Structures are given as structure tokens and as C-alpha cells.
Amino acid sequence: MASPKKPKKRVEPRFDDAPKRKRSGGLSATDDDRAAPPRKKTATRRKASSARKPKKKTARSRRARLGLTGLIGGTIYWSFILCIWGGIAVAGVVAWYGAQMPSATTWEIPDRPPNVKIVAVDGSLVANRGATGGEALGIHEMSPYIPQAVIAIEDRRYYSHFGVDPIGLARAMVTNITSGRLVQGGSTLTQQLAKNMFLSPDRTIGRKVQEVLLALWLEHKYSKDQILEMYLNRVYFGSGSYGVEAAARRYFNKSARDVTLPEAALLAGLLKAPSRLSPARNPHLAEERSQLVLAAMREQGMVSDTEMTAAMTRPATRAAAYWTGSQHYVADAVMEELPDLIGDVRKDVIVDTTVDLVLQKFGENAIRDLIAEEGKAKDVGQGALVSIDNTGAVRAMVGGYDYANSQFDRSTEAKRQPGSAFKPFVYVTALEQGRTPQSVRNDAPIKIGKWTPENYGGKYYGKVTLETALAKSLNSVAAQLIMEVGAGNVVKTAHRMGIVSDLEPNASLALGTSEVTLMELTSAYVPFANGGYRARPYLIRRVTTLDGDVLYEHSTDNMSRAISPEVAGMMNQMMAKTVTEGTARAAGFDHPAAGKTGTSQNSRDAWFVGYTANLTTGVWFGNDDGTPTNKVTGGSLPAQAWKAFMVKAHQGVPAAPLPGTLGRVVTPVARPADAPRPPAGVGGEQVRRDTYPANADGTTTSSTGGPRPKVGVGESSDSKTLIDIIMGR
């Protein structure tokens, strides 16, 4: 039997083997028994660690330096690789867009849009017209301030770069990036010229590449001065002005040759935003921009401090919202007619006109002054004036009160009822059918069908002569005459004398119910002033190229007999009474004159067409919308404006009798193109005695078939008048 296992002896923990320590009694733990090492040992470890650290830091620094060197090297390497591929890409883009352009051997500077230079009879400038609106000037002809100002603000390194300015481009990029928007452009003047001449305004990479290529080509082919000259003659300056000459005329009413320093600074400042900075639109912005240009010029040593200060102290330039001056009505009429004379304008041309700018200014002032003084009280907003000499040459043509506010030409485009100003054609027809100025009619109320013409003011005079009836503009007598002679015959007479509009052949035509223009009505009175010849009005005398080649010249054979000299003489005697005793007494001055007033229904239109032996002038006042005026008649404002104009136009011109009133007939003679003009621009005719072939009985036969009085009839011998002789008294 196995002996039972001895129970395992339990081993109890013992502390006997531990080092003998002082105990204060019971159990205790020393620092060595703690989880954290004792402080002394910790300090020891730290010393050991610090002793080993320098070796680790040196190795780590070495590895850091090697890493940095590798990074820099790698960056340089890959940057170099990227530059190569970037260059290849740029070259590819250039090649791609360059291949889409025509061969460089075929590149040519496109012709500048042609300019039409319109000049007056004395050679002074009326206006420039065309796409540019100004003639091309050589850079040596311009004010020197203009190219300096443009270079200072637009391309300060113009004379040192090769067409592209890398420095300027980089500066613009940095400025734009820091500003967060497009503030500056890096294009040079050469690039801008290339863009304006060859390319569309699209902002694409392809267009920019082509712009650079064209700029390089321009720099290779042309000198810097040539490029700058082309730029200044083509660039847009706002308000419809292309080129410095057009801009100078537009804003300062002077040539670019005479532009001052502050004016040049203003022009250069417009290039940034021509429409927004235009002094016609915002003069203060334009002025602020010009100050920056002046500062840039001073910074670059182009002007002195004194010059800059003087330029900055001038007031802001103000320009009309549109061209101002009545001569622009003339320029517009020339441009409308020019294609019919020479076809399409393909090169710069010079148009010599018949207009006298001295007379033009007289006419403009006559219209403007009266409207300014009485327009509000009289409810009149517009007026027009036309003056024609005895050859048909238009000496003045004012199409409205202010061209800047309205470019509609009321002298040639507006058709209005002439009222009683049409009556002379009725009387001419009556005289041609045998009546005389002393023929008598009864001025009394009459009724023609349903029409009952009434005299102005409702006053009637009973038995009156035709001379008195015309002078007093009696409607009832005019209505009787048109019924006697036939409305159709009156229409033929009016057309024969110069009216070109369609006329209604009815009884009311006697009172001017058919509409006509001021130009045609005035020209139809010219036969009275020149002794019976119709003279078709014309503005253009000659058109030449800059080289002097004549493209068109007005023919002197533009006249034909319209009425006989004796009929012209009788009409002159009758209409002279209108000025001396009738409805146009306000028009009388110290030259023999005649004419006829006209007032349409409700005073909507007021006319006076009058003449001397030198000039025939027509005046109209009214409103564009046809609203009635405040009782304005032909004998008021129109007669006053006519007198104001004619008095000045005849300064220094000898007084001459009207044709036929002293037995003399005026036969117009076209003035040679190079002949000096007479005083104040009037004249253009030659006075001589009638030399028509005589019949056997001593009379002559007119082109209209009626008997012509003997030569000398109507002279003052024996105190007999023309009427006395005709009546056999």
C-alpha cells in the first residue's frame, strides 16, 4: 500500500535574504522599489544620453543636407525638363496658329479707310468725312506732344523693344495677379497696331499668338517712326474719331498740327477707354486721365515741372456731344451726293464746294440768335436758311438750330407747306398769259366748290391791282387767278422754275398746300434774281485726288431759260412792293430787294424767300413735330433773320438794281474755279444789257413765245415806268 503523499510544503515569502536596511518598523519601500527610477539614476541616464547625442545629430544633419541637395537638384532637373517641354509646346502652338495665317511674303499693310476732305470756296476746311474722319498726317506734321504723350502712357520702352516687351508683359501680369483683376495690358503699340489692322478683337490664345507674329513682322519691315505714324492715324479716340487729326478736330476744333501739351495728354489718355473717357461724354474723367499722362511724361523727362504744372492748371476740356456747327449740314449733303458723282470712294479725295464759310456763319447766327431770343415766347424750336447765287451755287445752307442736337437737315429733307410763298408761280403764269401788274381783281370772299379761301385776318380790300394783291398776299385774288390760268399750268410753271416735288393741281395750290423743301423753293426764286434763268442748285464744284487728278467737275452748262426777262422784271417790281409796302417790310435794307412771305395754316410754318441782284435767300421757322407756333408769320421771324443775314452778306458789295426794273437783265456767268471770290462771297454773275435778237418791229421774242419789249424798256427815261410802257401810256 502506497504511502500517502506528503503534503507539499508551502513556501512562504521571505525577506531574510534581502539586504539589511534600517527599518523604522514594519514594511518599507525604497526608491529602487518604485516604478519610476530614482532621481540619481535618472540624472545619470540623462548624462549618458547626452553624451551619445552628438553622434546621432551629426548623422541626421548629414542626411538632411543630402536630402535638400537632392531636392534642389531634382527641382532644377525637372524644371529644366518642363522648360524644354514647355518650349516645345509653345513652339507647337505658334506653329499651329502661324500655319493658319497667310504666308508672310503676302502680308501687306491694309489701305487706311479713305478720307473725304470737304473745303469751302476759299480752301478752308468745312469738315472731314469717311471712316476715319480726318486726313492722315506724317509724324513730323503732328504736334510733337502727341507721340510723346502716347509713348509715355502706353509704351514707355517703345523705341527699345523689338515689337514685344517682356518687361512690360511681366509687370502687367504681376499687377493683374496682385489686383485680382485685369488692370494693365502688356501689349506694345506695335501689337496694338497689328491687332487693329489685321485681327479681330476676340481675346483668344490664337489671336494673341498671331498678334505677336504680326508685331515682329512690322518691326522687321518698318521703322519705329513709321509704325507710330500708322498707329496714330488709325487708332480710335472715341466719339466716332479715328486718328489724331479727326480727334483734334472733334474735341478741340483744330488740326492735330496745333495741339497743345494738355490737349495731347487728353488725347493720349483716351486710348485706355475711348468711349468712357471721351470729353464729350465725361469731361472730368478725361481730365483726370490726362493728369496721369502728364505725370508719366514728367517722370520720363519729356516735359519740365513748369510745363507740367501749367498744363495741369487748365480747366477741364468740354466738347459737344456731337459735332457742332452748321457747316456739318453741308458736309452731310456732300457725302450723300458724292457717290452719284464719282462712285465708291476708294482713296482720299478733296471736295471743293460752293459754300462760303463766312456766309455760313452769318446764316447760322441769324437762325440761332432769333430762336434763342424769341423761340420760347413764340413756341418756335427750329429754323433753316439757304442762300444761292445767280448761277445756282449754294453759298450757305443751315439745316437747323443746332447740329449737335439734331443732324436732320431741314433745308433739303423736310417738306413743308410753303403757304403764300408759292403765290409767285401763280402770278408768273398769269403774266405769261397776258395779265399785267396793273390788272385789277376784286378782293372779296369767294367760294370754289366747298372751299372758301379767306384773307389773313379776315380783311378784304375790294378792287386791287395784282401788284397790290401780291404785296399784301391776298388769298382771294390768288385763288381767282389759279382758276383763271389753270392749276395744271401753274404746276408746269413751278417745275420749270425749279420746284422738283410733286404738286397737286388743284385750286388750293395757290395758297401753297403742296409740300416742298426750302432748298427747292429758294432755287425756284433764282430766276427772278438773275433775269429769268433756272439755275439748278449745286454744292460740289470739283472732286480731286490728293495727287490733283480731277474725278469730277461741275459743268457750267446748268442753266436754262425759265421765264422771259420782261416777266422777271414785272415780278421783281411787284415783289419789291412786298418788301417796301407789304408783308415783308421787316426785311428791307439799303439794297434793292424783293421776295414773298408765306405762312401755313395755324402758323405751323413761316417762310420768307427774298433776293437781291446778288443772292437769293430762303428762311423757314417752325417745329419738327408740326405743332403750331405762337402766331409766327413769314413777315416776322423769317423776314428778320433774312435781313440779319443779307445785311452782313452785302457788306462791301455795291447796290445793284433788280433785273428788269431799270431795263437791265442779269445773265449769270459761272465763275472759274480759280477766280477770286467777290466780297462776302456774293455775286458770281455779270450785269449787261439785253442782247437778244430783235424782230423786224424792234421787239424780241422770248423762249416762251411771247413778245419781248424793245431793248431798254423799263428804264427811267421820260419818267415812264415799265407798266406805263406795257399799258401804252
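Structure summary
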item: Computed FRET value (nearest 0.05) for GLU373 with GLU515, which takes r as the C-beta separation and R₀ as 30 Å; result: 0.55
item: Accessible surface of region 547-617 [probe 1.4 Å, protein heavy atoms]: carbon and sulfur percent; result: 42 percent
item: Too-long pairs where the Cα-Cα distance tops 19 Å, listed order kept, from LYS195/LYS224; LYS447/LYS631; LYS378/LYS459; LYS423/LYS596; result: LYS447/LYS631; LYS378/LYS459
item: For ILE139, distant residues with modelled amide H under 5 Å away; result: none
item: Global form of region 465-511, assessed from the alpha-carbon gyration tensor, a/c cut-off 1.5; result: prolate
item: Spatial separation of Cα centroids for region 536-585 and region 287-342, in angstrom; result: 39 Å
item: 16 Å reach of a label modelled at TYR461, 7 Å along Cα-to-Cβ, counting backbone N of region 600-643; result: 635
item: Proximal charge balance of LEU285 [Cβ under 14 Å; K/R count +1, D/E count -1]; result: +3
item: In Å², nearest 10: area of TRP620 left accessible to a 1.4 Å probe; result: 10 Å²
item: Cα pair distances exceeding 19 angstrom across region 203-359, given as percent; result: 66 percent
item: Region 450-531 - Rg and Dmax from Cα coordinates, angstrom; result: 13.5, 40
item: Heavy atoms of ILE72: accessible area, 1.4 Å probe, square angstrom to 10; result: 90 Å²
item: Region 585-629 shape via C-alpha gyration tensor axes, a/c threshold 1.5; result: prolate
item: Gain in span if fully extended, ASP340 to ASP225, counting 0.36 nm per residue against the direct Cα distance; result: 37.6 nm
item: Computed label-point distance, nm, for sites ILE72 and VAL647 using a 7 Å Cα→Cβ extension; result: 9.5 nm
item: Inter-probe distance in nm under a simple model that places probes 7 Å from Cα toward Cβ, at PHE589 and ALA295; result: 5.5 nm
item: Net +/- balance of residues flanking ARG257 in space, Cβ distance below 13 Å, scoring K and R +1, D and E -1; result: -3
item: Separation in nanometres of the label points that stand 7 Å from Cα toward Cβ, at TYR322 and THR544; result: 3.3 nm
item: Using θ = phi - 60° and Karplus 6.51 cos²θ - 1.76 cosθ + 1.60, couplings along region 285-302 (whole Hz; Gly, Pro as x); result: 4, 4, 5, 4, 5, 5, 5, 5, 5, 4, 5, 5, 5, 5, 4, 9, x, 7
item: Whole-Hz couplings from phi, Karplus 6.51/-1.76/1.60, listed for region 369-375; x for Gly and Pro; result: 5, 5, 5, 5, 7, 10, x
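The values are calculated or read from the model by the stated rules, or taken from the named source; none is laboratory data. What you see is a predicted model; the values in this text were computed from it and never measured. Glycine also receives a Cβ, built like all others from the backbone with ideal geometry; neighbour counts cover every protein chain displayed. Ligands, DNA and RNA are stripped out before the accessible areas are found, and what is left, the full protein with its side chains, is counted by its heavy atoms. Shrake-Rupley method; radii C 1.70, N 1.55, O 1.52, S 1.80 Å.
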